[in-house]
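Colleague: Take a look at the following structure, please.
The values are calculated or read from the model by the stated rules, or taken from the named source; none is laboratory data. These numbers come from a predicted model, not from an experiment. Don't worry about glycine lacking a Cβ; one is built from the backbone with ideal geometry, like all the others, and counts go over all protein chains shown.
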Amino acid sequence: LGVSKIIWVKGVKGHDITDSHIDSLARFVAPGVVMVSTPFPAPADDKESQVWIGQYNQAMSVLRNATDAKGRRLQIIELPEPNPAKIRLMSPSDIKLCKKIDLDCKNGGLTSYVNFYIANGGIVIPEFGDKEADQRARDIVQKAFPSRKVVAVNIDYVAVGGGGIHCATHEVPRV
């Protein structure tokens, strides 16, 4: 596969269907450049949020001390997650449908902008209804990919299913 180095970030066992979506936590956006999803601050008694904040802290520790395959320190771009109080809420009928098909019906589900899809000439990123955070995410991603057009799409149903845009797509590399 041509891989010469792996940077290992621990998962979080038992808290989602993958023990943590690495593609929602950190993504290489260029050689030596990693974009990291920064959790929205949460109270200490919000145990579920603290699990993910703990994983973020552990990942940042690993990434800050890591080097790329050429021995260079990584450049880290932080991409803040939306405010849970401002994300789009599912309607009662949506929640009923969600429960009927046995999905995690917490409003919002996966709320990482880092789970984007890189397409020919473009980047498809999620939007969650927090207008300020959605715009900030578009701006940060656009700056990281200046030659591509960034398009944001609503992924509410994908998110409550436990994933994001990258989880629901698959790149086919040019051979």
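Colleague: Which count do you get for residues in the stretch 116-175 that are surrounded by 18 or more Cβ atoms within 10 Å (Cβ to Cβ), at pLDDT below 90 and in a helix (DSSP H, G or I)?
Modeller: 4
Colleague: Right, here's the next one. Which pairs have Cβ atoms under 6 Å, sit 6 or more apart or on different chains, and link a residue in the stretch 4-17 that is among the aliphatic types (A, V, I, L, M) to one that is at pLDDT 90 or above and in a loop (DSSP other than H, G, I, E, B)?
Modeller: Taking only residues 6 or more apart or on different chains, the pairs are I7/A66.
Here is a yes/no grid of residues against (1) more than 22 Å from A144 (Cβ to Cβ); (2) at pLDDT 90 or above; (3) exposed (fewer than 12 other Cβ atoms within 10 Å of the Cβ); (4) among the polar types (S, T, N, Q):
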| site | (1), (2), (3), (4) |
| --- | --- |
| W8 | yes, no, yes, no |
| D19 | yes, no, no, no |
| V29 | no, yes, no, no |
| M35 | no, yes, no, no |
| P39 | no, yes, no, no |
| Y56 | no, no, no, no |
| A69 | no, yes, no, no |
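Colleague: Taking only the stretch 20-76 into account, find how many residues are without any contact (Cβ under 8 Å) to a residue 12 or more places away in the chain and in contact with a Cys (Cβ under 9 Å, 6 or more places away or on another chain).
Modeller: Matching residues across the stretch 20-76 total 0.
Colleague: Another one. Return only the number of the condition from (1) modelled with pLDDT under 90; (2) part of a loop (DSSP other than H, G, I, E, B); (3) of a type outside the set (A, V, I, L, M, F, W, C) that S93 does not satisfy.
Modeller: (2)
Colleague: If you take the residues of the stretch 73-90 that are modelled with pLDDT under 95 and not aliphatic (A, V, I, L, M), which of them is farthest from A133 (Cα to Cα)?
Modeller: The residue in question is R88.
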